[in-house]
Amino acid sequence: MSKKPVTSTALNDDIGEDKRLELYRLQVVIREAEQRAYDLFLQNLVKGTSHLSLGQEAVAAGFAGAMKKGDLSFCTYRGHAHTLARGVPIEKVLGELMGRDNGLMRGKGGSMHLTSEEHGVMGSYAIIGAHLPIACGAAWRAQYKKQDDVSVCFFGDGTTNIGAFHEALNFAAVWKLPVVFVCENNLYMEYTPIGDVTAVPSPAGDRASAYGLEKIVIDGNDADAVYRAAQTAYDKARSGKGPSLIECLTYRYSGHSRADPAKYRPEGELERWKQRDPIKIYKERLKQFGISDDQIAKIDAEVKQEVDEATEKCKASPTPPLEILTTDVYADGGFAWRN
Amino acid sequence: MAELTYRDAVIRGIAQEMQRDEDVVFLGEDVAKAGGVFKATVGLYEKFGPLRVRDTPISEQAILGAAMGAAMTGLKPIAEIMFSDFFAVCFDYIANEFPKSRYMTNGQTKCPLVVRTGNGAGSRFGAQHSQSVENWCMMIPGLKVVAPSSPVDVIGLLAASVRDPDPVIFLEHKSLYATKGEVPDGEILDKLGTAKILRPGKDATILALALMVPRALAAAEKLAAEHGIDCEVIDVRSLVPLDTQTILSSVAKTHRAFSVEENPRLCGWGAEIMSIIADEAFYDLDGPLVRITTPHCPLPSADILEDAILPSVDRIADRVRKTLQA
């Protein structure tokens, strides 16, 4: 097989080589770290619950890849991917899942609440819909203080049927807030097909017109498509033209949570989606733009090594000390409620 | 010094804080152009403009969620929930989001906001617009809960709430909006977590909150005039943080304690305070701890029924007298 020469000019379309390599790496980081989280769960080293984004990597990579420093991410309990995509160290994420002292929140939050404000990850919210209004508030602050950051709020298809979704969409549209709502439509609200419980075919897209917004439904397994849609929405938000609602069509390879073997899926569905695997698609894309197999393999190997090293650090990390049990309930650092 | 209504004290308190700090913003239903359904925010929109005083849709979740997002990222929002009963439609923010974010994130997330709300009975609005929900809020770790009974306390405690780094639920009593009190000129700043002894006495301690404060005071005067019983009346003011020292010191002196609570009986705020007294001041007591509450019952609408269900001056005085004379 002949390889095209790799030159930056050959790759100089609207996305460019550097960004494509970044998007690829982010997807691989998410894939490997999520797979590791699953393996660690099987080894009983990850406790509690966890909600993986295997198969949905392109959404997180594309939206994060298009963000500027200072932009804010608001995630759900399925938030490992979005947290990693903002550059939060893998070790901190795995450590939190494992309940270790090196975790992002020293084990006080867990898998469903990953937060790293220094990376712009303003929280992972485990109550469906709760963070859409919260993202509106952060966007209101940007609007009020004339700051140019965008608040980006990720949620699943199931969220489109809860009241807070509709309250937030209307609120953001009326106030013209710089917020981008991203629906990851992975076809299932927990265990039930979204189509069985939703009045319209596109759970987010078909609701957009109710709030004066454009219907935007994109291929959520193609990181380039995601990246471009993100850029358009961020530009709109930054130029004072208000919110966007973007529905990304994607698929969840694992069950809803670790407790769910996903036996409700029709035969062949998973396999069909795996043919459109986001990482597979993106590898092909990189090759089209002349990036060599060696370069790709190098990224894969580097990420695997990062995940391995992070895993070992987490295994070696102590568990959190009991002294932190009642810290940070109130702003004074403690939990005193009386004199 | 000027005489001000409780309602005007709310306006003055908000204005004082908005004047002081540009990061203080205010949002709620009908609060801006209409000046609030209780007219407790009249003039703020005109004074501070449409960017800082904002009307919202009827979307209580959006109101509280937006307040939280703004607070997390640098503003100091005051959010109004028109009736405290509506906390039930946005309770996720009150119970799950505001109070737990700092803890769950190991101290990363801040949430300096105030939720003002019209609380309590007396307006003949029936079971879903009249409740006293202070106990709904008091039970949640991470929140602070304040309920002033006088105009001067409204201003001082509202200022303290706005400047507080934690989420504060600020319960204004609807039946107090028209009441008046003396208020000093200039900036007023009070302290959360401080109870106030409004009437010193030696025979019994009566603990009260919000609308129950004037009733407890009137009952104390009646008991003094008619029976020679000298009650100490304490306005608890702040349920979280709670000024247990003022309460325990008073009980050490009077050896008797009563709570007068507008919330329904089960798990009302007085239950917690009485359990503290029982734990820590048992040997100071000369008799049982007695809670005077609204019964475990929804609130009726008709005036005669509503008046009968709340602790009244006569009911308070009667119960204190009978207990002391038993």
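The values are calculated or read from the model by the stated rules, or taken from the named source; none is laboratory data. Being a predicted model, the structure only gives us computed values, none of them experimental. When we count neighbours, we look across all protein chains shown, and the Cβ atoms used for this are built from the backbone with ideal geometry, even at glycine. We work out accessible area using only protein heavy atoms, side chains counted, and drop any ligands, DNA or RNA first. Shrake-Rupley method; radii C 1.70, N 1.55, O 1.52, S 1.80 Å.
Evaluating kT/(6 pi eta Rh) at 37 °C and 0.692 mPa s, with the Kirkwood radius of segment B:196-325 over Cα pairs in the Stokes-Einstein relation, gives 225 µm² s⁻¹. Sparsely packed loop sites in segment B:121-210 (the GluC sites (Glu not before Pro) outside DSSP H, G, I, E and B with at most 12 other Cβ atoms within 10 Å) comprise B:GLU187. Using Cα pairs under 8 angstrom and six or more residues apart, how large is the relative contact order of chain B, in percent? RCO, chain B: 16 percent.
For the pair A and B, the buried accessible area comes to roughly 4000 Å² in total, with a 1.4 Å probe and the value rounded to the nearest 100. Taking label points 7 Å from Cα along the Cα-to-Cβ direction, A:ILE127 and B:GLN128 give a separation of 2.0 nm.
Expressed as a whole percent, the accessible area of segment B:196-325 that falls on carbon and sulfur atoms is 57 (1.4 Å probe). When the square roots of the Cα gyration tensor eigenvalues are ordered a ≥ b ≥ c, the ratio a/c for chain B is 1.5 or more and a/b exceeds b/c, which makes its shape prolate. Each residue of segment A:28-38 was assigned a 3J(HN,Hα) from its phi angle through the Karplus expression (A = 6.51, B = -1.76, C = 1.60, θ = phi - 60°), giving 5, 4, 5, 4, 5, 5, 5, 5, 5, 4, 5 Hz with x at Gly and Pro.
With the dipole of segment B:196-325 worked out from charges on the C-beta (+1 for Lys and Arg, -1 for Asp and Glu) around the Cα centre, which of B:PRO300, B:THR323, B:GLY228 lies farthest toward the positive end? Final value for the positive-end residue is B:GLY228. Relative to the longest principal axis of the Cα atoms of chain B, the long axis of helix B:151-163 lies at roughly 50 degrees. For B:GLY120, neighbours were defined as the other residues whose beta-carbon sits under 13 Å from its Cβ, and their charges (Lys and Arg +1, Asp and Glu -1) total -3. Surface calculation, 1.4 Å probe, protein heavy atoms: A:SER50 sits at approximately 10 Å² accessible. Evaluate E = 1/(1 + (r/R0)^6) for A:LYS176 and B:ASP30, where r is the Cβ-Cβ distance and R0 equals 25 Å; express this FRET efficiency to the nearest 0.05. Taking R0 as 25 Å, the efficiency between A:LYS176 and B:ASP30 is 0.75. The residues B:THR109, B:THR5, sorted by heavy-atom accessible surface at 1.4 Å with ligands and nucleic acids left out, run B:THR5, B:THR109 from largest to smallest. Stretching the chain fully between A:GLN288 and A:ASP18 yields a gain of 95.7 nm (0.36 nm per residue, less the alpha carbon separation). Which residues make up the longest stretch of chain A that has no trypsin sites (Lys or Arg not before Pro) in a DSSP loop with at most 10 other Cβ atoms within 10 Å? In short, A:147-262.
Between helix B:244-254 and chain B there is an angle of about 20 degrees, using the helix long axis and the longest principal axis of the Cα atoms. Residues of segment A:154-184 that bury at least 40 Å² of accessible area when the other protein chains are present, relative to the chain alone (probe 1.4 Å, heavy atoms, ligands and nucleic acids excluded): A:GLU167, A:PHE171, A:TRP175. Averaged per residue, segment B:181-309 has 41 square angstrom of accessible surface, using a 1.4 angstrom probe with ligands and nucleic acids left out. Annotated for segment A:220-318: lysine pairs at least 8 residues apart or interchain, Cα distance under 29 Å, count 16.
Its residue count N fixes a reference of 2.2 N^0.38 Å for the protein assembly as shown, and the Cα radius of gyration divided by that reference is 1.09. Using a probe radius of 1.4 angstrom, the carbon and sulfur fraction of the accessible surface of segment B:32-182 is 59%. Where does helix B:313-325 land angle-wise versus the long Cα axis of chain B, in degrees 0 to 90, nearest 10? Relative to chain B, helix B:313-325 is tipped by roughly 40 degrees. Label separation (A:GLU118 vs A:ALA199): 4.7 nm, computed from points 7 Å beyond Cα along the C-beta direction. Contact-buried residues of segment A:311-339, at a threshold of 50 Å² lost accessible area versus the chain by itself: A:ASP328, A:VAL329, A:TYR330, A:ALA331, A:TRP337, A:ARG338, A:ASN339 (1.4 Å probe; DNA, RNA and ligands ignored). Estimated from helical segments only, the mean residue ellipticity of chain B at 222 nm is -11000 deg cm²/dmol, where each DSSP H run of four or more residues counts as -39500 (n - 2.57). Couplings 3J(HN,Hα) for segment B:90-101, derived from phi with the Karplus relation 6.51 cos²θ - 1.76 cosθ + 1.60 (θ = phi - 60°), are 9, 5, 3, 5, 6, 9, 10, 8, 3, x, 9, 5 Hz, where x marks Gly and Pro.
Between B:LEU266 and A:ASP101, the FRET efficiency estimated from the beta carbon spacing at R0 = 56 angstrom works out to 0.85. Lysine pair count for segment B:2-183 with Cα-Cα distance under 22 Å and sequence separation of 8 or more or different chains is 14. Here segment A:231-256 and segment A:121-149 have alpha carbon centers that stand 14 Å from each other. The length gained on full extension between A:THR319 and A:LYS280, counted as 0.36 nm times the residue separation minus their Cα-Cα distance, comes to 10.3 nm.
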